[in-house]
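Participant: What follows is a structure written as structure tokens; I'll ask about it next.
The values are calculated or read from the model by the stated rules, or taken from the named source; none is laboratory data. All figures in this text were calculated on a predicted structure; none of them were measured in a lab. Using ideal geometry, Cβ is built from the backbone for each residue, glycine included, and neighbour counts are taken over all protein chains shown. Only protein heavy atoms, including side chains, enter the accessible area calculation; ligands, DNA and RNA are left aside. Shrake-Rupley method; radii C 1.70, N 1.55, O 1.52, S 1.80 Å.
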Amino acid sequence: MEKLKIVASARQLPEQQVTNQTLSQIMDTNDDWIFSRTGIHQRHIVTNENTSDLAIKVATQLLNKTGIAAETLDFIIVSTMSPDSLSPSTAAIVQGAIGANNAFAFDLSAACSGFVYGMSVASGLLSTRYHRGMVIGAEVLSKLVDWQDRTTAVLFGDGAAGVLVETTQDHVGLLAEELQTFGNKGDNLIAGRFANKNPFAGEISPEDPYFHQNGREVYSFATREVPNVLQVALDKANVSADDVDYYLLHQANARIVSSIAKRFGQPADKFPTNMATNGNTSAASVGLLYDELVASGQVHAGQTIAFVGFGGGLTVGAQIFKI
Ligand code: ACO
């Protein structure tokens, strides 16, 4: 059966780096508090780029790296919780910008699980009549941050990363996955609420673009549910935890990552992190980590890799790849 294979990856981070020290000049916080609780030292924050700008740079790099013509793409998925606009979608903006004239394009909203959910949708498309596409996680979360709120402002960063995917009949590619959503816990992480100002509306909730999160609830949700979902994906792939070379987890919090590594009895170096330099980039984080590790040569063909996303929704997803 046809399955999804990753052909190439790319990433784009805004040039500006904002350190914890810099944040401590505009809010009551410090590097010690932030780093000890999250593992974050700094994040990249845009100056004048929007989400589509970052995503277009990723898409262009993917074309340049592979030498593939934009017209041969069948689809472009951009996973994001911070699109330029609801319409046009960020994916449609990318499609237009790179001249992918034969591709359909749409955004996918699954917060920090966005990259993994996007890969799942891509895998479904590739198992039908499509052959080639892009999955890009792109976020300008700095638009959704209340810069007066130290409980969330210190956590997030901007960035984008993506992969060019194709069908393959080889023994490489996406072996198995498990996606789960816990909508009854959704209020623990919210952002981007519109008010309804129609003239016939009754009681209306106020507009609130900003992030609000019950950090402790999200923390315990992640450490409880992510291992369950990952175990199901491993079982479906018939792969043992020891057989996985690297676990690429959503980069929300270093303590969540190390707790999951311990739960599987795996060494910390099989769970690489980059939140120290990137912060939490939501749908971009897993792709960013993957591309960094491919670029450094740590991740390469022949390995077994797990992608794991978790976050707003609340959502969780795990995928096992032979790359
Ligand atoms: N600097 C200094 N002090 C702070 C800061 C700050 N930036 N933020 C909060 N504090 C204070 C609080 O006011 C509180 O003070 P108090 O005890 O006097 O009231 C104290 O520090 C402790 O605050 P908590 O919120 O209880 O801190 P906690 O130890 O829970 O850490 C954190 C918070 C880092 C957010 C943690 O709960 C966490 O990482 N949760 C998981 C978040 C996550 O994984 N999100 C993923 C999904 S994101 C997505 O989907 C987009």
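Participant: Sorted by accessible area (1.4 Å probe), largest first, how do T90, T277 line up? Don't skip to the end; give the middle numbers.
Facilitator: Working: T90 0, T277 65 Å².
From most accessible down to least: T277, T90.
Participant: Sticking with this structure for a sec: Under unit Cβ charges (Lys, Arg +1; Asp, Glu -1), what dipole magnitude, rounded to 20 debye, does the range 138-224 have relative to its Cα centre? Display every interim value, and only then the final one.
Facilitator: Details: 7 positive and 13 negative charges, 66 e Å.
With only Lys, Arg, Asp and Glu charged at Cβ, the dipole is about 320 debye.
Participant: Under the Kirkwood approximation applied to all pairs of distinct alpha-carbon atoms, what is the hydrodynamic radius of the range 227-323 in Å?
Facilitator: 13.4 Å
Participant: Which residues does a label at D170 reach in the range 270-298, if reach means a backbone N under 18 Å from a point 7 Å past the Cα toward the Cβ?
Facilitator: Correct set: 291, 294-295, 297-298.
Participant: Take every Cα-Cα pair in the range 113-258 and report what % of them are more than 23 Å apart.
Facilitator: Working: 5495 of 10585 pairs.
Distances greater than 23 Å cover 52 percent of the Cα pairs.
Participant: Work out the FRET efficiency for E2 and Q303 from their Cβ-Cβ distance, taking R0 = 22 Å, and round it to the nearest 0.05.
Facilitator: Values: r = 22 Å, r/R0 = 0.99.
That pair, E2 with Q303, gives E of 0.50.
Participant: What number comes out for accessible area per residue over the chain if the probe is 1.4 Å? Units Å², please.
Facilitator: It amounts to 42 Å² per residue over the chain.
Participant: Along the Cα-to-Cβ line of A97, 7 Å from the Cα, sits a label point; which residues in the range 127-161 have backbone N less than 20 Å from it?
Facilitator: Answer for this model: 133-144, 157-161.
Participant: No solvent, one uniform scatterer per C-alpha: report log10 I(q)/I(0) for the range 47-128 via the Debye equation at q = 0.12, 0.25 1/Å, two decimals.
Facilitator: Taking Cα atoms of the range 47-128 as identical point scatterers yields -0.33, -1.34.
Participant: What percentage of the solvent-accessible surface of the range 3-170, computed with a 1.4 Å probe over protein heavy atoms, is contributed by carbon and sulfur atoms?
Facilitator: Values: 3100 of 6640 Å².
Reported share for carbon and sulfur atoms: 47 percent.
Participant: Translational D (Stokes-Einstein, µm²/s) of the range 111-183 at 37 °C and 0.692 mPa s when Rh comes from the Kirkwood sum over C-alpha pairs?
Facilitator: Diffusion coefficient, whole number: 224 µm²/s.
Participant: Continuing with the same structure: What value does the range 254-303 have for Rg/Rh, both radii from Cα atoms and Rh as Kirkwood defines it?
Facilitator: My calculation puts Rg/Rh at 0.98.
Participant: I'd like to know which of V232, A103, A252 lies farthest towards the positive end of the charge dipole of the chain, counting +1 on Cβ of Lys and Arg and -1 on Cβ of Asp and Glu.
Facilitator: The listed residue farthest towards the positive side: V232.
Participant: If you place +1 on the Cβ of every Lys and Arg, -1 on the Cβ of every Asp and Glu, and leave all else neutral, what size is the dipole of the chain about its Cα centre, to the nearest 20 Debye?
Facilitator: Approximately 380 debye in magnitude.
Participant: How large is Rg over Rh for the chain, taking Rg from the Cα atoms and Rh as the Kirkwood inverse mean of 1/r across Cα pairs?
Facilitator: Answer for the chain: 0.96.
Participant: Continuing with the same structure: Over 24 Å between C-alpha atoms is what I'm after, so list which of K57/K270; K5/K57; K143/K270 land there. Write out the running numbers ahead of the final one.
Facilitator: Working: K57/K270 29 Å; K5/K57 22 Å; K143/K270 33 Å.
In this structure, K57/K270; K143/K270 lie more than 24 Å apart at Cα.
Participant: Something else about it: Just to be sure I understand the model, the point goes 7 Å from the Cα along the line to the Cβ. What's the resulting D208 to T128 distance in nm?
Facilitator: The modelled label-to-label distance comes out at 3.7 nm.
Participant: Computed on alpha carbon atoms, what radius of gyration and Dmax characterise the range 200-270, expressed in Å?
Facilitator: Looking at the range 200-270, its Cα Rg and Dmax stand at 17.7, 59 Å.
Participant: Suppose R0 equals 30 Å. What FRET efficiency, 1/(1 + (r/R0)^6) with r the Cβ-Cβ distance, do M27 and A295 give to the nearest 0.05?
Facilitator: Calculated transfer efficiency: 0.35.
Participant: Over all distinct Cα pairs, what is the inverse of the mean 1/r for the range 3-170, reported as the Kirkwood hydrodynamic radius in Å?
Facilitator: 16.6 Å
Participant: Given Cα positions, please report Rg to Rh for the range 1-47, the hydrodynamic radius being the Kirkwood one. Mind dumping the intermediate values first?
Facilitator: Working: Rg = 17.1 Å, Rh = 13.3 Å.
Here Rg/Rh amounts to 1.29.
Participant: Quick check: residue separation of T47 and A276 times 0.36 nm, minus the Cα distance between them. What number comes out in nm? Please list the in-between numbers first.
Facilitator: Values: separation 229, 0.36 × 229 = 82.44 nm, distance 2.04 nm.
Net length gain for the segment: 80.4 nm.
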